[in-house]
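J.: Right, I'll just put the structure down here and ask away after.
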Amino acid sequence: MEIKGEEAAYLMGTAAPAAGSVLTSTSRYLNNPRFRDVYAQMGLKRDGHDLPPAYLIPEVNRAVAEETDLAELLSMLASERTRLPEFAQWLDERFASNWTAGDVAHCAEGTVGALIRSFLETSGMDIDFMFRGEAQDDFTFINKRRVQNHDIEHMVTGLDPSPVGEIALIVANTVALFNYFTPAFANALSFQPMFLASTSLMRAACHYPAVTAAMLEGFALGHAVGAKQKRPLFMIRWEDWIDVPVPEARQRLGFEDGPQQGHWEWTHDASRG
(Lines give C-alpha, C1' and ligand atoms only; values in the text may rest on other atoms or scores of the structure.)
Protein backbone atom coordinates (compact mmCIF):
# COMPACT_ATOMS: atom_id res chain seq x y z
CA MET A 1 0.00 0.00 0.00
CA GLU A 2 1.44 3.32 -1.04
CA ILE A 3 1.92 5.97 1.64
CA LYS A 4 1.58 9.56 0.45
CA GLY A 5 0.29 12.97 1.37
CA GLU A 6 -0.03 13.82 5.04
CA GLU A 7 0.80 10.28 6.10
CA ALA A 8 4.06 10.36 4.16
CA ALA A 9 4.88 13.80 5.54
CA TYR A 10 4.29 12.50 9.07
CA LEU A 11 6.89 9.79 8.55
CA MET A 12 9.40 11.81 6.52
CA GLY A 13 9.28 15.14 8.39
CA THR A 14 10.29 18.38 6.73
CA ALA A 15 14.02 17.80 6.27
CA ALA A 16 15.38 16.79 2.88
CA PRO A 17 18.53 14.72 2.27
CA ALA A 18 21.53 16.55 0.85
CA ALA A 19 21.69 16.41 -2.94
CA GLY A 20 24.88 15.31 -4.68
CA SER A 21 26.32 13.70 -7.77
CA VAL A 22 26.95 10.35 -6.08
CA LEU A 23 25.28 8.27 -3.39
CA THR A 24 26.65 9.24 0.01
CA SER A 25 25.48 8.64 3.56
CA THR A 26 26.80 8.53 7.09
CA SER A 27 27.00 4.71 6.81
CA ARG A 28 30.28 3.41 5.47
CA TYR A 29 28.50 0.18 4.55
CA LEU A 30 25.99 1.99 2.34
CA ASN A 31 28.81 4.00 0.82
CA ASN A 32 30.66 0.82 -0.19
CA PRO A 33 29.35 -0.26 -3.63
CA ARG A 34 30.40 -3.87 -3.15
CA PHE A 35 28.80 -4.10 0.28
CA ARG A 36 25.46 -2.62 -0.70
CA ASP A 37 25.33 -4.62 -3.94
CA VAL A 38 26.01 -8.03 -2.39
CA TYR A 39 23.72 -7.24 0.57
CA ALA A 40 20.92 -6.45 -1.87
CA GLN A 41 21.67 -9.56 -3.90
CA MET A 42 21.67 -11.82 -0.84
CA GLY A 43 18.44 -10.34 0.49
CA LEU A 44 16.50 -10.16 -2.77
CA LYS A 45 17.76 -13.03 -4.93
CA ARG A 46 16.13 -16.37 -5.44
CA ASP A 47 18.07 -19.52 -4.56
CA GLY A 48 17.86 -21.27 -7.90
CA HIS A 49 19.16 -24.70 -8.79
CA ASP A 50 21.74 -23.28 -11.19
CA LEU A 51 24.19 -22.26 -8.46
CA PRO A 52 24.90 -23.45 -4.89
CA PRO A 53 23.28 -21.34 -2.15
CA ALA A 54 26.75 -20.35 -0.88
CA TYR A 55 27.88 -19.05 -4.28
CA LEU A 56 28.05 -15.40 -3.16
CA ILE A 57 29.70 -16.07 0.22
CA PRO A 58 33.23 -15.27 -1.04
CA GLU A 59 31.92 -11.91 -2.27
CA VAL A 60 30.15 -11.35 1.05
CA ASN A 61 33.40 -12.00 2.92
CA ARG A 62 35.28 -9.66 0.60
CA ALA A 63 32.78 -6.87 1.26
CA VAL A 64 32.90 -7.44 5.01
CA ALA A 65 36.71 -7.46 4.96
CA GLU A 66 36.76 -4.11 3.19
CA GLU A 67 34.79 -2.57 6.04
CA THR A 68 36.62 -4.33 8.88
CA ASP A 69 39.32 -2.46 10.76
CA LEU A 70 41.64 -5.40 11.42
CA ALA A 71 43.95 -3.44 13.69
CA GLU A 72 41.00 -2.40 15.85
CA LEU A 73 39.68 -5.97 15.92
CA LEU A 74 43.06 -7.35 17.03
CA SER A 75 43.29 -4.66 19.69
CA MET A 76 39.90 -5.70 21.06
CA LEU A 77 41.02 -9.33 20.99
CA ALA A 78 44.11 -8.46 23.02
CA SER A 79 41.94 -6.63 25.56
CA GLU A 80 39.59 -9.60 25.87
CA ARG A 81 42.57 -11.89 26.36
CA THR A 82 43.62 -9.75 29.33
CA ARG A 83 40.10 -9.40 30.73
CA LEU A 84 39.21 -13.10 30.51
CA PRO A 85 41.88 -15.47 31.90
CA GLU A 86 39.86 -18.53 30.83
CA PHE A 87 39.81 -17.22 27.26
CA ALA A 88 43.54 -16.49 27.37
CA GLN A 89 44.25 -20.03 28.56
CA TRP A 90 42.07 -21.46 25.79
CA LEU A 91 43.97 -19.41 23.20
CA ASP A 92 47.36 -20.43 24.58
CA GLU A 93 46.49 -24.14 24.50
CA ARG A 94 45.91 -23.95 20.73
CA PHE A 95 43.95 -27.21 20.86
CA ALA A 96 42.72 -28.28 17.41
CA SER A 97 40.79 -31.32 16.21
CA ASN A 98 41.91 -33.80 13.59
CA TRP A 99 38.87 -36.03 13.35
CA THR A 100 38.85 -39.41 11.64
CA ALA A 101 36.20 -42.11 11.75
CA GLY A 102 38.67 -44.24 13.70
CA ASP A 103 38.73 -41.69 16.54
CA VAL A 104 35.06 -42.39 17.24
CA ALA A 105 34.81 -46.01 16.07
CA HIS A 106 34.39 -47.23 19.64
CA CYS A 107 31.56 -44.83 20.53
CA ALA A 108 28.24 -46.44 21.41
CA GLU A 109 25.14 -45.64 19.41
CA GLY A 110 23.31 -42.59 20.71
CA THR A 111 26.46 -40.81 21.83
CA VAL A 112 27.96 -37.61 20.51
CA GLY A 113 30.81 -39.65 19.04
CA ALA A 114 28.36 -41.82 17.10
CA LEU A 115 26.87 -38.69 15.52
CA ILE A 116 30.33 -37.55 14.49
CA ARG A 117 31.18 -41.00 13.13
CA SER A 118 28.00 -41.07 11.04
CA PHE A 119 28.80 -37.62 9.67
CA LEU A 120 32.32 -38.62 8.71
CA GLU A 121 31.23 -41.89 7.12
CA THR A 122 28.13 -40.79 5.23
CA SER A 123 28.25 -37.07 4.47
CA GLY A 124 31.30 -37.03 2.24
CA MET A 125 32.26 -33.81 4.00
CA ASP A 126 35.26 -32.86 6.12
CA ILE A 127 34.81 -31.26 9.54
CA ASP A 128 38.11 -29.39 9.07
CA PHE A 129 37.29 -27.74 5.73
CA MET A 130 38.82 -24.26 6.20
CA PHE A 131 41.75 -22.66 8.03
CA ARG A 132 43.77 -25.85 7.72
CA GLY A 133 47.21 -26.07 9.26
CA GLU A 134 48.57 -24.51 12.40
CA ALA A 135 47.06 -21.16 13.34
CA GLN A 136 49.72 -18.45 13.43
CA ASP A 137 47.78 -15.97 15.58
CA ASP A 138 44.86 -15.79 17.99
CA PHE A 139 42.30 -14.53 15.49
CA THR A 140 43.09 -17.26 12.95
CA PHE A 141 42.87 -19.84 15.73
CA ILE A 142 39.39 -18.59 16.72
CA ASN A 143 38.23 -18.90 13.12
CA LYS A 144 39.77 -22.36 12.82
CA ARG A 145 37.91 -23.61 15.88
CA ARG A 146 34.66 -22.00 14.76
CA VAL A 147 34.87 -23.98 11.54
CA GLN A 148 35.94 -27.23 13.22
CA ASN A 149 33.05 -27.09 15.70
CA HIS A 150 30.40 -25.90 13.26
CA ASP A 151 29.04 -29.22 11.97
CA ILE A 152 29.15 -30.82 15.42
CA GLU A 153 27.13 -27.89 16.78
CA HIS A 154 24.50 -28.64 14.14
CA MET A 155 24.39 -32.28 15.22
CA VAL A 156 24.13 -31.79 18.98
CA THR A 157 21.99 -28.64 19.23
CA GLY A 158 19.38 -29.95 16.79
CA LEU A 159 19.75 -26.72 14.81
CA ASP A 160 20.22 -28.72 11.65
CA PRO A 161 22.16 -27.78 8.48
CA SER A 162 18.97 -26.76 6.66
CA PRO A 163 18.44 -23.19 5.39
CA VAL A 164 16.58 -22.42 8.63
CA GLY A 165 18.88 -24.41 10.91
CA GLU A 166 21.93 -22.59 9.56
CA ILE A 167 20.40 -19.28 10.57
CA ALA A 168 19.26 -20.65 13.94
CA LEU A 169 22.83 -21.74 14.69
CA ILE A 170 24.13 -18.30 13.67
CA VAL A 171 21.74 -16.72 16.16
CA ALA A 172 22.72 -19.17 18.92
CA ASN A 173 26.40 -18.45 18.39
CA THR A 174 25.82 -14.70 18.22
CA VAL A 175 23.90 -14.59 21.50
CA ALA A 176 26.59 -16.73 23.17
CA LEU A 177 29.28 -14.33 21.93
CA PHE A 178 27.43 -11.35 23.41
CA ASN A 179 27.03 -13.24 26.69
CA TYR A 180 30.80 -13.65 27.01
CA PHE A 181 32.60 -10.81 25.24
CA THR A 182 32.23 -7.03 25.24
CA PRO A 183 29.54 -5.87 22.79
CA ALA A 184 32.10 -4.38 20.40
CA PHE A 185 34.16 -7.56 20.12
CA ALA A 186 31.10 -9.83 20.03
CA ASN A 187 29.73 -7.67 17.22
CA ALA A 188 32.99 -7.93 15.28
CA LEU A 189 32.96 -11.73 15.54
CA SER A 190 29.29 -12.03 14.56
CA PHE A 191 29.11 -9.34 11.88
CA GLN A 192 29.43 -11.59 8.82
CA PRO A 193 27.07 -14.28 10.19
CA MET A 194 24.43 -11.66 10.98
CA PHE A 195 24.78 -10.37 7.42
CA LEU A 196 23.73 -13.87 6.32
CA ALA A 197 20.94 -14.16 8.90
CA SER A 198 19.30 -10.85 8.06
CA THR A 199 19.42 -11.37 4.30
CA SER A 200 18.11 -14.93 4.65
CA LEU A 201 14.99 -13.69 6.42
CA MET A 202 14.38 -11.09 3.72
CA ARG A 203 14.95 -13.65 0.95
CA ALA A 204 12.33 -15.93 2.50
CA ALA A 205 9.87 -13.05 2.75
CA CYS A 206 10.44 -12.14 -0.90
CA HIS A 207 10.27 -15.57 -2.49
CA TYR A 208 9.54 -18.42 -0.07
CA PRO A 209 6.59 -17.43 2.16
CA ALA A 210 6.11 -21.02 3.34
CA VAL A 211 9.54 -20.75 4.99
CA THR A 212 9.14 -17.31 6.61
CA ALA A 213 7.46 -18.53 9.81
CA ALA A 214 10.01 -21.33 10.14
CA MET A 215 12.81 -18.78 9.74
CA LEU A 216 11.34 -16.73 12.59
CA GLU A 217 11.10 -19.92 14.65
CA GLY A 218 14.77 -20.48 13.89
CA PHE A 219 15.62 -17.04 15.25
CA ALA A 220 13.63 -17.77 18.41
CA LEU A 221 15.04 -21.24 19.08
CA GLY A 222 18.55 -20.12 18.22
CA HIS A 223 18.22 -17.27 20.71
CA ALA A 224 16.92 -19.67 23.38
CA VAL A 225 19.93 -21.96 22.92
CA GLY A 226 22.42 -19.09 22.85
CA ALA A 227 20.95 -17.37 25.90
CA LYS A 228 21.90 -20.34 28.09
CA GLN A 229 25.56 -20.32 27.07
CA LYS A 230 28.19 -19.06 29.50
CA ARG A 231 30.94 -18.99 26.89
CA PRO A 232 31.24 -19.22 23.08
CA LEU A 233 30.38 -22.54 21.49
CA PHE A 234 33.72 -22.51 19.68
CA MET A 235 35.44 -23.07 23.03
CA ILE A 236 33.84 -26.49 23.49
CA ARG A 237 36.33 -29.35 23.16
CA TRP A 238 34.11 -32.00 21.60
CA GLU A 239 36.71 -34.72 22.09
CA ASP A 240 35.71 -34.59 25.78
CA TRP A 241 32.08 -35.36 24.90
CA ILE A 242 32.27 -38.25 22.43
CA ASP A 243 31.17 -40.93 24.92
CA VAL A 244 28.32 -38.87 26.37
CA PRO A 245 24.76 -39.76 25.24
CA VAL A 246 23.33 -37.00 23.09
CA PRO A 247 20.35 -36.21 25.40
CA GLU A 248 22.72 -35.86 28.35
CA ALA A 249 25.09 -33.67 26.36
CA ARG A 250 22.22 -31.43 25.28
CA GLN A 251 21.04 -31.09 28.87
CA ARG A 252 24.49 -30.37 30.29
CA LEU A 253 25.38 -27.92 27.53
CA GLY A 254 22.09 -26.03 27.65
CA PHE A 255 20.88 -27.15 24.23
CA GLU A 256 17.46 -28.43 25.32
CA ASP A 257 15.63 -25.67 23.47
CA GLY A 258 16.97 -26.84 20.13
CA PRO A 259 14.63 -29.07 18.10
CA GLN A 260 15.27 -32.67 17.20
CA GLN A 261 17.50 -33.30 14.20
CA GLY A 262 15.72 -32.83 10.87
CA HIS A 263 13.05 -30.49 12.23
CA TRP A 264 13.57 -28.08 9.32
CA GLU A 265 14.68 -30.64 6.72
CA TRP A 266 11.71 -29.73 4.53
CA THR A 267 13.07 -26.21 4.06
CA HIS A 268 15.86 -27.49 1.77
CA ASP A 269 13.32 -27.88 -1.04
CA ALA A 270 10.98 -25.12 0.09
CA SER A 271 13.79 -22.53 -0.07
CA ARG A 272 14.97 -23.32 -3.60
CA GLY A 273 13.79 -22.61 -7.12
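The values are calculated or read from the model by the stated rules, or taken from the named source; none is laboratory data. Treat the numbers as computed from the prediction; the structure is a model and nothing was measured. In case anyone asks, the SASA skips ligands and DNA or RNA and just uses the protein heavy atoms, side chains included. Shrake-Rupley method; radii C 1.70, N 1.55, O 1.52, S 1.80 Å.
J.: With all protein chains present, calculate the accessible area of residue 272 using a 1.4 Å probe and round the result to the nearest 10 Å².
T.: 70 Å²
J.: Same structure again: Restricting to Cα pairs below 8 Å that are 6+ residues apart, what does the relative contact order work out to for the chain? Please round to a whole percent. Display every interim value, and only then the final one.
T.: On the way: 302 pairs, mean separation 66.4, N = 273.
After rounding, I find 24 percent.
J.: Ok, one more. What shape does region 20-96 take by its C-alpha gyration tensor, where a ≥ b ≥ c are the square roots of the eigenvalues and a/c under 1.5 counts as rounded, a/b above b/c as prolate, and the rest as oblate? Don't skip to the answer; put the middle values down first.
T.: Values: a/c = 4.15, a/b = 1.58, b/c = 2.62.
In terms of gyration-tensor shape, oblate.
J.: Counting only residues 5 or more places away or on other chains, whose amide H sits under 5 Å from the amide H of residue 111 once H atoms are built in the peptide plane?
T.: Here the answer is 246, since their amide H atoms fall under 5 Å of that of residue 111.
J.: Here is a follow-up. Mind jotting down the distance between the C-alpha centroids of region 155-174 and region 197-231, whole Å?
T.: Here the answer is 9 Å between Cα centres.
J.: Please list, short to long, the whole-number percent of alpha-carbon pairs of region 134-243 in consecutive 5 angstrom bins beginning at zero.
T.: The calculated distribution, bin by bin, is 2, 12, 21, 24, 19, 12, 6, 3, 1.
J.: Hey, another quick one. Would you kindly find the accessible area of residue 69, with a 1.4 Å probe and non-protein molecules such as ligands, DNA and RNA excluded, rounding to the nearest 10 Å²?
T.: Rounded to the nearest 10, that gives 80 Å².
J.: Does region 1-131 come out rounded, prolate or oblate by the C-alpha gyration tensor, with a ≥ b ≥ c the root eigenvalues, rounded set by a/c under 1.5 and, if not, prolate when a/b is larger than b/c and oblate if not? Let's see the in-between values first.
T.: Values: a/c = 2.83, a/b = 1.79, b/c = 1.58.
Verdict is prolate for region 1-131.
J.: Sticking with this one: Long-range amide H contacts for residue 46: which residues qualify at under 5 Å (H placed 1.01 Å from N, peptide plane, sequence gap of 5 or more or a different chain)?
T.: So residue 46 has HN proximity to no qualifying residue.
J.: When we measure straight from the Cα of residue 228, which lysines land under 28 angstrom away, once same-chain ones fewer than 8 places off are left out?
T.: Of all the lysines, those that pass the test against residue 228 - Cα under 28 Å, at least 8 places apart if same chain - are 144.
J.: Given a 1.4 Å probe and every protein chain left where it sits, what share in percent of the accessible area of the chain is carbon and sulfur?
T.: Working: 8490 of 14730 Å².
For the chain, the apolar C and S fraction of the accessible surface comes to 58 percent.
J.: If I model region 224-266 as equal point scatterers sitting on the Cα atoms and use the Debye formula, what is log10 I(q)/I(0) at q = 0.17, 0.20, 0.31 Å⁻¹?
T.: Result of the Debye calculation: -0.54, -0.73, -1.18.
J.: Here's a follow-up. Compute and list, largest first, the equivalent-ellipsoid semi-axes of the chain from the alpha carbon gyration tensor, each √(5λ) rounded to a whole angstrom. Provide the component values of the computation, followed by the final result.
T.: Values: eigenvalues 254, 118, 63 Å².
The equivalent ellipsoid of the chain has semi-axes of 36, 24, 18 Å.
J.: Out of every Cα-Cα pair in region 1-51, what percent are more than 13 Å apart? Mind dumping the intermediate values first?
T.: On the way: 944 of 1275 pairs.
That fraction is 74 percent.
J.: Express the accessible area of the chain per residue in Å², computed with a 1.4 Å probe while the remaining protein chains stay in the model.
T.: Details: 14730 Å² over 273 residues.
Using a 1.4 Å probe on heavy atoms only, each residue of the chain averages 54 Å².
J.: Hey, another quick one. Given the whole protein assembly as supplied and a 1.4 Å probe, what does the accessible area of residue 62 come to in Å², nearest 10?
T.: 130 Å²
J.: What per residue convex hull volume, in Å³, comes out for region 192-273 when only alpha-carbon positions are used? Each step should come with its number before you reach the end.
T.: Details: hull volume 9.8 nm³, N = 82.
Normalising the Cα hull of region 192-273 by residue number yields 120 Å³.
J.: Select from the chain the helices, each a whole stretch of DSSP H, whose alpha-carbon atoms run 24 Å or more along the helix axis and whose Kyte-Doolittle mean is at least -1.0; answer none if there are none. All intermediate terms of the calculation are to be shown ahead of the outcome.
T.: Working: long enough: 138-157 (26 Å, -0.84); 163-180 (27 Å, 1.27); 183-207 (34 Å, 0.64); 209-227 (28 Å, 1.12).
Those that pass (Cα extent of 24 Å or more, hydropathy at least -1.0) are 138-157, 163-180, 183-207, 209-227.
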